[in-house]
Every structure is written in C-alpha cells, then in structure tokens.
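Each remark here refers to the structure printed beneath this line.
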C-alpha cells in the first residue's frame, strides 16, 4: 500500500517508516508539521535547511504543513490531502501507546480519506528504543528536560550508554512524555548519512536544546 509518513525527524517516526517499508508498503512522501513563527518542524525543531537534507537523505519528497498552532489540525489535513493527491492510500504514524494521539490522527485520516496505520502500536516503549539501537540507527539527542536528564546527553546518540543514564535517572527511555527529543541522522533506510553540524546549547527554562544545522 502506498502511504504518507507523518514525520517528525525523530527516532520513533523513523522506526515507524522503517517498519512500514519492511512490511512491503511504499512511501510516497514525508508529511511534516512546521511552526510558522520559528520556521522549524514542530517538537523536534529541525530548521528548513535540515528538512531539505532529510528529503535528500531519505529520498522522499516533503509535504510541509505550516501552522500557527491554532490551525494545526487544518494544516495537517491539508498536508494529508496533498499526500493523497500524490498517490498515498494510507498515512503512517509513530505513536506507541498514547490513545489520545491515536484518536486525533484517526480523525484526521477519516476527514481526508486515508487509512491510518500504526506500526509501533503497543510494541513497548523500551522495546522500540532497543530496536532502534539494534537496527543501527543513529539518533542524536537534540533537546532534554533539565529537571530529568543531564545536559551532557545533548549531541550524543541514543545507545546503550545514554539509555543506561536515562534508566538511572528513572525516566521513560523512549521519552514519550517529552523527557527528550531526537533527530535521526543515519540508519538502514537512509540513502546517505545526514550531513549536519552542532553548535551552541540554548536554554529555555527547564529545557536545553543543542543547535543542529
């Protein structure tokens, strides 16, 4: 089945894309929500230059959905309709177990005539992280909640060492509650390693972010 991937540039949506391809489905595009005021992808913060690099590295066209927040659902549905016009029959998501997120996405798909697919659903949070590491994906830790994790993790990849630090801190190693966010930079479905540089660490209240471009 041809599908659009709802893509955040992070580890979970990358693993979901991997699973969809592994199951024999054909990706037609990456649907990415963009925060208008910052000109960056929502949540994981990849700027427009980085997003173009994903297009090249993954070999898939981008469907960018700019939103000011209030119109988030409308912008996302517009992106899904564009993906459908490109041949998508389904939309895939990287959700694991948060029912509210799944219901929201199912509603968006119902409104746009696409079949929702959830390849990671109920597979286990820690199991998904283990799969990411085992499959050879490199996922850079881009932001952390300072109340829960040390700043020293910024710029490191999710691996056995960083997940052991997370476990010692007593947090969900998958970061489903916003404990940290990642950018996937390489792995089996990448046609080439994402070319990137890291810069300064920026602090916003309880959150710290490493600049990546």
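Computed from the coordinates by the stated procedures, all read-outs in this text should not be read as laboratory data. Quantities reported herein were computed from a predicted structural model and do not represent experimental measurements. Glycine also receives a Cβ, built like all others from the backbone with ideal geometry; neighbour counts cover every protein chain displayed.
Of the residues that make up segment 141-153, is at least one in contact (Cβ under 8 Å) with a residue 24 or more places away in the chain and exposed (fewer than 12 other Cβ atoms within 10 Å of the Cβ)?
yes
Any idea which residue in segment 157-183 is surrounded by the most Cβ atoms within 10 Å (Cβ to Cβ), counting only those that are without any contact (Cβ under 8 Å) to a residue 24 or more places away in the chain and in contact with a helix residue (DSSP H, G or I) (Cβ under 7 Å, 6 or more places away or on another chain)?
It comes out as 162.
Report whether or not residue 149 is in a strand (DSSP E or B) and touching a strand residue (DSSP E or B) at 6+ places or on another chain (Cβ under 7 Å).
Criteria not met by residue 149.
Consider residue 54 carefully, then state whether it is over 19 Å from residue 193 (Cβ atoms) and surrounded by 15 or more Cβ atoms within 10 Å (Cβ to Cβ).
no
With (1) surrounded by fewer than 21 Cβ atoms within 10 Å (Cβ to Cβ); (2) over 24 Å from residue 124 (Cα atoms) as the list, and residue 21 as the residue in question, which single condition is left unmet?
That leaves (2) as the condition not met.
Let me confirm something: among 79, 24, 100, which residue is out of contact with any strand residue (DSSP E or B) (no Cβ under 9 Å at 6 or more places or on another chain) and part of a helix (DSSP H, G or I)?
100
Quick one: how many residues across segment 184-213 are in contact (Cβ under 8 Å) with a residue 12 or more places away in the chain, over 13 Å from residue 144 (Cβ atoms) and part of a strand (DSSP E or B)?
7
So, residue 4, is that one out of contact with any helix residue (DSSP H, G or I) (no Cβ under 6 Å at 6 or more places or on another chain) and either crowded, with 19+ Cβ neighbours inside 10 Å or over 17 Å from residue 139 (Cβ atoms) (or both) or not?
no
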